[in-house]
Amino acid sequence: MRDMLAEEVDPKVVRSRLADLGLQAGAWSLPVDWRGDAGRFAHDLEQLSRFAEAAAVVGARQTGTWVMPETLATLEPDGNRSSLLAATAEMHVQRLGAIARVLANHGVRLGLEVIGVESFRSGRGVPFVTRLSELDRQLGAIWQESANLGILVDGFHLYAADETIEAGFAWGVDRIVWVHVADLPTSSRSDRSAIQDHDRGLPGENGAIDSGQLLRRLAEEGYSGPVTAEPGAKCRSLAGRSAQEIARLVASAMNAVWPQPTP
């Protein structure tokens, strides 16, 4: 959405072009830096409405963001761990709640993603939310902020956190806003502690992460939202490929794990 508006492309033209191609818009990245500086957050929040309006016109009514796996601040030797966690939770609830309310004005939903990859954490902060099962314990109050808040289920992070597929359905399928699928690279070890967030493979590439099982479960529950392949920019299987080649490879991988209709 950011690029589309920066280049002054009419979202109605994009929607029409998608329709001509028999395509439907999926989800879009949230253009708000909400985890750090308050001034930057306020600026981005002020701009969010125009992005959400354009997204709604295009038909992309889902966006998402990841919650912090650890606190930004470190715990001093004489510090209070509970107070640090409470302050981090309060920031999440206030800022994500404000974002969700802006999006709700345009019929856009916000999915919260949990980063399960251990190596993503710096180790300097206090662990905050590292598994979906911890979300309610730390951020249970967030669901009262806006009805358009939900879950972004990422199969890669479920695997990295050693959580089952069912963890993604803890709030019901209606709460699932967006789904990401990927696998470990072909040559990767299945040691979860060694997983790197940037080092991913196409869905079904390694076989360690069963994207097909997740997608079948979603289909059984009637999920109808966007599913995004997320092998990442550094995916070795896509390195050096043209945009057209990448599109074909990703489409082939998705078709291979996509649930087939029952005869």
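The values are calculated or read from the model by the stated rules, or taken from the named source; none is laboratory data. The structure displayed is predicted, hence computed values, not measured ones. Cβ coordinates were reconstructed from backbone atoms using ideal geometry, including for glycine residues, and neighbour counts include every protein chain displayed.
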Original post:
Looking at (1) modelled with pLDDT under 95; (2) touching a Lys or Arg at 6+ places or on another chain (Cβ under 8 Å); (3) closer than 26 Å to Glu118 by Cα, which is the only condition Ser190 fails?
Top reply: (2)
**OP:** Please tell me if Arg131 is surrounded by fewer than 20 Cβ atoms within 10 Å (Cβ to Cβ) and modelled with pLDDT under 95.
**Re:** no
Subject >> Matching entry among Ala55, Ala73 (being crowded, with 19+ Cβ neighbours inside 10 Å and in contact (Cβ under 8 Å) with a residue 12 or more places away in the chain) >> reply: Ala55
Subject >> Close pairs from region 163-186: first among the basic types (Lys, Arg), partner buried (at least 18 other Cβ atoms within 10 Å of the Cβ), Cβ under 8 Å, at least 6 apart >> reply: Arg175/Gly150; Arg175/Ile151
Original post:
Of (1) touching a His at 6+ places or on another chain (Cβ under 8 Å); (2) surrounded by fewer than 16 Cβ atoms within 10 Å (Cβ to Cβ); (3) not aromatic (Phe, Trp, Tyr), Gln24 satisfies all except one. Which?
Top reply: (1)
Original post:
Out of the residues in region 25-65 that are closer than 16 Å to His106 by Cβ and among the basic types (Lys, Arg), which is farthest from the chain's Cα centre (by Cα)?
Top reply: Arg50
Original post:
From the list Tyr223, Tyr159, which one is part of a helix (DSSP H, G or I) and crowded, with 16+ Cβ neighbours inside 10 Å?
Top reply: Tyr159
Subject >> Residues of region 114-126 classified as closer than 20 Å to Trp34 by Cβ and either surrounded by 20 or more Cβ atoms within 10 Å (Cβ to Cβ) or in contact with a Lys or Arg (Cβ under 9 Å, 6 or more places away or on another chain) (or both), total >> reply: 3
Original post:
Would you call Ala253 without any contact (Cβ under 8 Å) to a residue 60 or more places away in the chain, surrounded by fewer than 12 Cβ atoms within 10 Å (Cβ to Cβ) and either touching a Phe, Trp or Tyr at 6+ places or on another chain (Cβ under 7 Å) or more than 24 Å from Leu135 (Cα to Cα) (or both)?
Top reply: no
**OP:** For region 121-141, name all the residues that are farther than 22 Å from Gln94 by Cβ and out of contact with any strand residue (DSSP E or B) (no Cβ under 9 Å at 6 or more places or on another chain).
**Re:** Arg131, Ser133
Original post:
Quick one: would you say Gly79 is modelled with pLDDT under 95 and part of a loop (DSSP other than H, G, I, E, B)?
Top reply: yes
**OP:** Say whether the condition of being over 18 Å from Ala27 (Cα atoms), at pLDDT 95 or above, buried (at least 18 other Cβ atoms within 10 Å of the Cβ) and under 20 Å from the mean Cα position of the chain (by Cα) is met by at least one residue in region 242-250.
**Re:** no
Subject >> Options Gly123, Gly116; residue that is modelled with pLDDT under 95 and outside any helix (DSSP H, G or I) >> reply: Gly123
**OP:** Starting from region 191-219, take each residue that is without any contact (Cβ under 8 Å) to a residue 24 or more places away in the chain and outside any strand (DSSP E or B) and list its partners that are surrounded by fewer than 16 Cβ atoms within 10 Å (Cβ to Cβ) and not small (Gly, Ala, Ser), counting only C-beta distances under 6 angstrom and pairs at least six apart or across chains.
**Re:** Asn206/Thr186
**OP:** Filter region 205-217 down to residues that are out of contact with any Ser or Thr (no Cβ under 6 Å at 6 or more places or on another chain) and of a type in the set (Gly, Ala, Ser) and give me whichever is nearest to Val114 (Cα to Cα).
**Re:** Ser211
